Amino acid sequence: MKRWTPQKVADAAGARLIARPPSDGGPELAVIDSRDAGAGALFVGLRGANVDGGRFAGQALAAGAWGILTTPEHAEAARCAAPGVLLAVGDPLKALQDLATAWRRELGARVIGVTGSTGKTTTKDLLLALLAPHRRTVASRANLNTEIGLPLEILSAPDGTEVLVLEMAMRGAGQIGELTSIAEPEVGVIVSIGPVHLELLGTIEAIAAAKAELVAGLPAGATAVIPAGEGLLGPYLREDVEIVRFGEGGDVRLNRMDGNLLEIDARGQPITLEVAFTQAHLRTNLLAAVAAALAVGVTPEGRIELVLSPGRGQRTVLPGGVTLIDDCYNANPMSMRAALDDLAQTAERSAATRTVAVLGDMLELGAEERRFHVEIGQHAQETGLDVLITVGPLAAAMADRFEGEAHSVADAGEAAALVPALLQPGDVALIKASRGVGLELVCKALSAGVAC
């Protein structure tokens, strides 16, 4: 937006320009935290459940922000704080979203929307790795995938961006549709459908319907990338949208694996990629990413330099030879099973002393939450896990079907105190739970050198 005038920014946001701007240039990005405000930033004062961000508009200007976008009363109150553009609007969140849509159109970039019950972040990371060598690509950072985070990511994309990869999160019905209307993607990727957010949506069928809002919001002629054999999405597929299925039996599938080389068949087109990862779920997500890359005109090739987002399976060798698998950002029954399978395979390849899993509560699973946790304990037993540490009241049920060494603690703090003393040289340790459990405390304790 740097080349936009303040009036154009105001018009795009549906706001009123109420102060003479100090210059004719536009902002470089938008922020919602006044502590992040500085030169080139547009501070958007959003109303929160407990705090009205507009109260900090003056502080943002004093910090050097390009301008503020907030309600009329807060914009007027900030007039004398410092020079800057003052934009007033009744609904700052809607204005932020409208501004993002306008900038997305101005960029003219190809836009890929990515959602799924599990795997959407790693698929987004894989897409960035596939596309970056060929196109100027911007992908969502961290957890900026909501009705607030997604427009912020669009507005951070610099002029000249050719592809935008936007992760789309969901907490309930209608939210994927809202994000789709903001981002206007030409390619929609649904990585998976699984038992996530059941507490809010009730059934797996309702989850599929909510994810399928991405397909419903695509323009005619767009491309939808979906898992092969996922019948729950069948009722939502459109004749005017190209459907590309990935995975076994799909349009984009893995033909052969030879060490680090993957041979992929993409509708008869052979693609060979070199990867450093070995996880089966990442290979599946890679197929979805390849399908989406082809849809925006990029044929991936060569070595793929994947950088995973924090907490999504990074591996670190700690002092004493313990291998830490940091997958603590989030969890659900699908991703827990995949992580335990990967733990077992990692241990087999590395001739590990033992496998250790620190598993916390999986949240928002509704009435069947106990059953889901018990089944994870059973799966841990089947994979040959040596030591299980459960964290939280729900995760404690995992021990019901686990016959090996087991420990149960109440919270992440207790786990951070216990786990370092349990680990032995040569162990491979998986740390995983829903975000609300906060198992990053365990990873920090181990990475700080407490282990072994």
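Quickly estimate the mean residue ellipticity at 222 nm for the chain, helices only: each DSSP H run with n ≥ 4 gives -39500 (n - 2.57), and the total goes over all residues, rounded to 500. Walk me through the numbers before you get to the answer.
On the way: 15 runs with 146 residues, N = 452.
So the helix-based figure for the chain works out to -9500 deg cm²/dmol.
Over the alpha carbons of region 159-233, what is the largest minus smallest coordinate on each principal axis, giving the biggest first in Å?
For region 159-233, the Cα extents along the three principal axes come out at 42, 25, 18 Å.
Across every pair of different alpha-carbon atoms, what Kirkwood hydrodynamic radius in Å does region 108-303 reach? Write out the running numbers ahead of the final one.
Details: mean 1/r = 0.0603 Å⁻¹.
This gives a value of 16.6 Å.
Over the alpha-carbon set of region 6-90, divide Rg by the Kirkwood Rh and report the Rg/Rh ratio to two decimals. Please list the in-between numbers first.
Working: Rg = 11.0 Å, Rh = 12.1 Å.
Rounded to two decimals, Rg over Rh is 0.92.
How far is it, in nm, from the label point at Asp265 to the one at Asp33 when both lie 7 Å from their Cα along the line to the Cβ?
For the pair Asp265/Asp33, the computed spacing is 4.8 nm.
Of Ala88, Gly40, Asn50, which is farthest towards the positive pole of region 6-90's charge dipole, taken about the Cα centre with +1 and -1 on the beta-carbons of Lys, Arg and Asp, Glu respectively?
Result: Ala88.
Which value in nm describes the separation of the simple spin-label points at Ile204 and Glu405, placed 7 Å from the Cα toward the beta carbon?
My value for the distance between the label points is 3.5 nm.
Report Rg(Cα)/(2.2 N^0.38 Å) for region 367-409, keeping two decimals.
Numbers: Rg = 9.4 Å, N = 43, 2.2 N^0.38 = 9.2 Å.
Dividing the Cα Rg of region 367-409 by 2.2 N^0.38 Å gives 1.02.
Taking only C-alpha pairs under 8 Å that are 6+ residues apart, what is the relative contact order of region 297-452 in percent?
Numbers: 321 pairs, mean separation 50.1, N = 156.
Worked out over region 297-452, it gives 32 percent.
Taking only the alpha-carbon positions of region 378-452 and ignoring solvent, what does the Debye formula give for the base-10 log of I(q)/I(0) at q = 0.11, 0.21 Å⁻¹?
The calculated log intensity ratios at q = 0.11, 0.21 Å⁻¹ are -0.26, -0.96.
When the distances between all Cα atoms of region 23-175 are binned every 10 Å from zero, what whole-number percent does each bin get?
All Cα pairs considered, the percentages come to 12, 37, 32, 17, 3.
Determine the distance separating the Cα centre of region 176-198 from the Cα centre of region 374-452; give it in Å without decimals.
If we compute the Cα centre of each part, the gap is 32 Å.
Compute the separation of the alpha-carbon centres of region 235-302 and region 59-121 and state it in Å as a whole number.
A separation of 36 Å, based on Cα centres.
Looking only at the chain, where both bridge partners belong to it, what percent of the DSSP beta bridges are antiparallel (to the nearest 5)? Kindly include the intermediate steps, with their values, before the conclusion.
Values: 19 of 71 bridges.
Given both bridge residues lie in the chain, the antiparallel proportion sits at roughly 25 percent.
With a ≥ b ≥ c taken as the square roots of the eigenvalues of the C-alpha gyration tensor of region 97-197, please select rounded if a/c is under 1.5 and otherwise prolate if a/b is larger than b/c or oblate if it is not? If you can, show how the numbers build up before the last one.
Working: a/c = 2.04, a/b = 1.26, b/c = 1.62.
Verdict is oblate for region 97-197.
Have a look at the chain and give its Rg and Dmax from the Cα atoms, expressed in angstrom.
In order Rg, Dmax, the Cα atoms of the chain give 23.5, 71 Å.
Counting DSSP beta bridges with both partners in region 26-138, what percentage is antiparallel, nearest 5? Display every interim value, and only then the final one.
Working: 1 of 11 bridges.
Expressed as a percentage, antiparallel bridges in region 26-138 total about 10.
Between Glu348 and Asn143, with labels modelled 7 Å along Cα→Cβ, what's the label distance in nm to one decimal, could you check?
3.4 nm
Quick check: the distance between the Cα centres of region 1-51 and region 306-346, to the nearest angstrom?
Using only Cα atoms to place each centre, the spacing works out to 39 Å.
For the chain, what is the relative contact order in percent, using Cα pairs closer than 8 Å and at least 6 residues apart in sequence? Could you put the intermediate results ahead of the total?
Values: 1067 pairs, mean separation 49.3, N = 452.
Over the chain, the number comes to 11 percent.
Which value in Å does the Kirkwood hydrodynamic radius of region 314-450 take, with 1/r averaged over all unlike C-alpha pairs and then inverted? Mind showing how you got there, number by number?
Values: mean 1/r = 0.0700 Å⁻¹.
Radius from the Kirkwood sum: 14.3 Å.
Among Ala396, Gly14, Gly149, whose Cα lies farthest out toward the positive end of the dipole of the chain, if unit charges sit on the beta carbon of Lys, Arg (+1) and Asp, Glu (-1)?
About the Cα centre, the residue reaching furthest to the positive side is Gly14.
For region 111-155, just the Cα atoms, rotate onto the principal axes and tell me the three extents in Å, largest first.
Taking the Cα atoms of region 111-155, the three principal extents are 29, 26, 16 Å.
So how much slack lies between Ile243 and Lys94, counting 0.36 nm per residue of separation and subtracting their Cα-Cα distance, in nm?
Fully extending the segment from Ile243 to Lys94 adds 50.5 nm.
Size of the dipole of the chain about the Cα centre, Lys and Arg at +1 and Asp and Glu at -1 on the beta carbon, nothing else charged, in debye to 20? Intermediate values should be presented prior to the final figure.
Numbers: 38 positive and 54 negative charges, 219 e Å.
Roughly 1060 debye for the chain.
Check the straight Cα-Cα distances from Lys444 and name the lysines below 21 Å, setting aside those fewer than 8 residues away within the same chain.
Partners within reach: Lys432.
Just want the ordering: His134, His281, from fewest to most Cβ atoms lying within 10 Å of their own Cβ. If you can, show how the numbers build up before the last one.
Values: His134 16, His281 21.
Ordered from fewest to most neighbouring Cβ atoms within 10 Å, His134, His281 come out as His134, His281.
The numbers here are math on the coordinates, done by the rules we state, and not lab data. Please read all numbers here as calculations on a predicted model, not as lab measurements. Note that each Cβ is placed from the backbone with ideal geometry, even for glycine, and that neighbours are counted across all protein chains shown.
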